[in-house]
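The values are calculated or read from the model by the stated rules, or taken from the named source; none is laboratory data. Bear in mind the structure is a predicted one, so any value in this text is a computation, not a measurement. Every residue, glycine among them, receives a Cβ derived from its backbone with ideal geometry; neighbour counts consider all protein chains shown. These area figures cover heavy atoms from the full protein model, side chains too; ligands, DNA and RNA do not enter into them. Shrake-Rupley method; radii C 1.70, N 1.55, O 1.52, S 1.80 Å.
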Amino acid sequence: MTSRRPTTPNPTDPCPCGSGNALAECCGKYISGEAHAPTAETLMRSRYTAFAVMDDEYLTQTWHPDHRPTELDLDPDQTWLRLEILDTERGGLFDSDGVVEFRAHYAFGRERGTLHERSRFARTEGKWLYVDGDIG
């Protein structure tokens, strides 16, 4: 089996987060640094997209420094297929913290799987950051 190599996504392609919008109009503007995610859910969606396009730099930048791993090793053989947002608590424009529960569907070779997590987010210096999550 050959490893999938990271590719530069086309800005007009549908955003991997499932919003139905083009990547450039959706998560692409956060990943490029053109804008900051305004809500915890938006950050969650953009982080999912970063996993899908293998952008470890964005993932590291949006991880709270108190919980950020020293190294991030994305597997090129894992393909992220679909994101489902199940629930959100707080995480809005005027909140300082929030929770987003999601299911992320993936393929690893011929096998299929689902990551189910309740992720915690904090707004630090005006920017949303991923803190940690409970996998369930």
Out of all the residues in the stretch 66-76, is one or more surrounded by 12 or more Cβ atoms within 10 Å (Cβ to Cβ), under 20 Å from Glu117 (Cβ atoms) and at pLDDT 95 or above? yes
Residue in the stretch 89-102 that is assigned to a strand (DSSP E or B), over 20 Å from Pro16 (Cβ atoms), open to solvent by less than 50 Å² (accessible area, probe 1.4 Å) and of a type in the set (A, V, I, L, M, F, W, C) present: yes
So His36 passes all but one of these: (1) under 15 Å from the mean Cα position of the chain (by Cα); (2) open to solvent by 30 Å² or more (accessible area, probe 1.4 Å); (3) closer than 25 Å to Ala107 by Cβ. Which condition number does it fail? (3)
